[in-house]
Amino acid sequence: MAFDDAGPSGSDHTGWSDSSARAVLQLMVESVAELVGFEIATLSVVLDGDVVTVAYTGPEEHRDYLMNAVDPIEILDPILEKAESWGRFKFLDADVHQVELEGHWVMFPRERDDDPESWHPANVLLGVLSDDDGQMVGVLSVDRPVSGRRPDAAQRSLMEKFAAQAERAVLTAFEREALVQQVAYAESARQLIRSASMPAHASLQAVLQHTHVPLVKGFGAGGSWIQVLDPVGVGYARKGSGDMLDLSDDLIQVAHELAPALWAAQEALIVTVGESPEVPEEVHRELADMGVTSALAVALGAGTECVGFLALSRFEEHPPWSPVEIRSALEIGHDLGAALKTAQALERERQLVRELQQLDDYRSQLIATLSHELRTPLAVIAGNLEMLGGLDLEPLAVRYQEAMERGSRRMTKVVEDLLLLARVSDPQHPLERKPVDVRRVVGDVLALVDSTARTKGLTMRVDLGDDLVVPGDPTELDRLVGNLVSNAVKYTQTGGTVTVSAERRAETVVLEVADDGLGISEDDQVGLFKAFFRTTNPDALREPGTGLGLRIVATVAERHEGKVDIRSALGVGTTFTVTLPAWPV
């Protein structure tokens, strides 16, 4: 009678990953059947309390049944209790013992004579395969001897040798399978850590949190602990369940001391609680209090820099750390170290951005406050100067009064520009979008500069297409266009040409303001859109200006989800191109 098992329903017992090991065991079974003299042989291994057949030779009509049945290991107990011991093999004589067998068994009927040595179809002959601790790891079952007789002494001796070989083969296969799984788990942990800990803008704390689960699952650990060396005090220690571990300052200090040495030597440290002299006694006590029996520790770093410390813990029921796991942990030290270093750099950049943003906010508030404070006295000065203009003044006094009026108007323009720039730069001041017709804005601006253009003898060319509506603030867009056109008129010599054109391009409106005036050097173009920037060109400096106009243009364009480009050459002219989203049709 032959026995087989192949794992419980829904399990993957039959999917032993090491196909080469299965091939070796199959060859072993075929050799037993052929050389010892049996028609049928099966080899089963013990997995999670079940016996799982991994090799079979015999009638093909029984293969599917034998290779897919499932039985717990306990069904062998009645047989092993009553069977006669033949070394590794156990023989149950059906003529002597009537045992009610449970589970999946196949009886192969055959004719037998009255000879007591003839083979009974219900006989059971099992070879019990064990490890060094005497634990059953497999079962070698044979049936239907070719001779029709029970095995004689010579066959038994040969069977014992094959059983010993099968035992070693099964143990080797288990070791190979464990190694394959360890490699797979470790590689899985590395891949999970790479994907989980390296988002483009991951924070340092996010990296620490995201790597806990992959580490615990990948290494079968009871918990994980990552300690960052800089900034001091940043760490993440969790049990496998996710519960936080409260680590002492002494333990953290030991991590800070061990990490640089481990990184320099590129070595891992295995701590067996109560035995490893490399760590202080208080560390052993703390680990023991947490139930930890062993720990695997490696340093985290990138290049020559050590940035952290990683420790994985195991408890009493867990196996010791394998060489594959140790090597994988050292490799993860590089992957995780690089992720931590990147996160640290991002943290420093974020802090710098926050500080710069705070400084910029302070500057904007200061400018807005000063501008408001200047507005009232300037209005008083302008009013009084206007009253003086109505009096009968001497020519010298009139000249002084007119000079003060020009200064007052210039100061008022600076204050207005500062207030506008502060408003459009304020993130707390949201943009209220309305449909704005660029044709109308251009028309209003051209009307304002018409007299100046005529005085300078400029040719104003206008080429405006259809459907030039954009979403935005009418006042801000009017200032954008006004600054570009007034600059073009201001910096174009007498008799020159200024061209204003606009057209719809797909989902955008493109406005161009071009002139053949002074032009802008490449060096000046670098800082052109900065606040208070003034050109180095002496001819341009003769014209009055606040240095805020183009900054306002760039800020308004960006605020409207657009952009500004410039093409210019000194002495040739300048073209500003503004691209804005079009109003949806």
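A compact table of results
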quantity	calculated
Residues located in the stretch 492-533, provided they are modelled with pLDDT under 90, open to solvent by 50 Å² or more (accessible area, probe 1.4 Å) and under 16 Å from residue 566 (Cβ atoms)	522, 523, 526, 530, 533
Scan of the stretch 382-413 for residues that are charged (D, E, K, R) and either assigned to a helix (DSSP H, G or I) or in contact (Cβ under 8 Å) with a residue 24 or more places away in the chain (or both), ordered by number	386, 399, 402, 405, 406, 409, 410, 413
Subset tally (residues that are under 24 Å from residue 34 (Cβ atoms) and of a type in the set (S, T, N, Q)) for the stretch 52-100	2
Enumeration of residues in the stretch 493-519 that are closer than 25 Å to residue 454 by Cβ, touching a residue at least 40 places away in the same chain (Cβ under 8 Å) and β-branched (Val, Ile, Thr)	498, 500, 513
Cβ pairs under 9 Å, 6+ apart, first in the stretch 110-125 and under 27 Å from residue 44 (Cα atoms) and modelled with pLDDT under 75, second in a loop (DSSP other than H, G, I, E, B) and among the hydrophobic types (A, V, I, L, M, F, W, C)	110/119
Selection status of residue 241, among the polar types (S, T, N, Q), out of contact with any strand residue (DSSP E or B) (no Cβ under 8 Å at 6 or more places or on another chain) and either surrounded by fewer than 17 Cβ atoms within 10 Å (Cβ to Cβ) or in a loop (DSSP other than H, G, I, E, B) (or both)	yes
Residue match in the stretch 422-431 (condition: hydrophobic (A, V, I, L, M, F, W, C) and surrounded by fewer than 16 Cβ atoms within 10 Å (Cβ to Cβ))	yes
Search result, residues across the stretch 221-238 that are touching a strand residue (DSSP E or B) at 6+ places or on another chain (Cβ under 8 Å) and open to solvent by 40 Å² or more (accessible area, probe 1.4 Å)	230, 238
Looking only at the stretch 280-305, and only at residues there that are in a loop (DSSP other than H, G, I, E, B) and closer than 30 Å to residue 342 by Cβ, the one that is nearest to the chain's Cα centre (by Cα)	303
Failed criterion for residue 278 (all others in (1) without any contact (Cβ under 8 Å) to a residue 40 or more places away in the chain; (2) out of contact with any strand residue (DSSP E or B) (no Cβ under 9 Å at 6 or more places or on another chain); (3) acidic (Asp, Glu) hold)	(2)
Residues of the stretch 32-49 satisfying the condition of being in contact with a helix residue (DSSP H, G or I) (Cβ under 8 Å, 6 or more places away or on another chain), open to solvent by 20 Å² or more (accessible area, probe 1.4 Å) and not in a helix (DSSP H, G or I)	39, 46, 49
Qualifying residue in the stretch 282-300 (condition: at positive phi and of a type outside the set (Lys, Arg))	yes
Test: residue in the stretch 81-103 that is modelled with pLDDT of 80 or more and assigned to a helix (DSSP H, G or I)	yes
Test: residue in the stretch 415-438 that is among the aliphatic types (A, V, I, L, M) and farther than 22 Å from residue 476 by Cβ	no
Residue identified as under 20 Å from residue 551 (Cβ atoms) and over 49 Å from the mean Cα position of the chain (by Cα) among 411, 460	411
Number of positions in the stretch 56-77 that are more than 24 Å from residue 21 (Cα to Cα) and surrounded by 16 or more Cβ atoms within 10 Å (Cβ to Cβ)	2
First in the stretch 15-31 and open to solvent by less than 20 Å² (accessible area, probe 1.4 Å), second anywhere and at pLDDT below 65, Cβ under 7 Å, 6 or more apart	none
Condition broken by residue 462, with the remaining ones in (1) exposed (fewer than 14 other Cβ atoms within 10 Å of the Cβ); (2) part of a helix (DSSP H, G or I); (3) aliphatic (A, V, I, L, M); (4) modelled with pLDDT of 90 or more satisfied	(2)
Failed condition for residue 436, given (1) part of a strand (DSSP E or B); (2) loosely packed, with under 14 Cβ neighbours inside 10 Å	(2)
Residue 132 being open to solvent by 40 Å² or more (accessible area, probe 1.4 Å), within 30 Å of residue 178 (Cα to Cα) and at pLDDT 75 or above	yes
Check on residue 331, closer than 23 Å to residue 210 by Cβ, open to solvent by 70 Å² or more (accessible area, probe 1.4 Å), of a type outside the set (S, T, N, Q) and in contact (Cβ under 8 Å) with a residue 60 or more places away in the chain	yes
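The values are calculated or read from the model by the stated rules, or taken from the named source; none is laboratory data. Source: prediction; values computed, not measured. Note: ideal-geometry Cβ built from the backbone for every residue, glycine included; neighbour counts use all protein chains shown. Side chains are part of the model used for accessible areas, which takes the heavy atoms of the whole protein and leaves out ligands, DNA and RNA. Shrake-Rupley method; radii C 1.70, N 1.55, O 1.52, S 1.80 Å.
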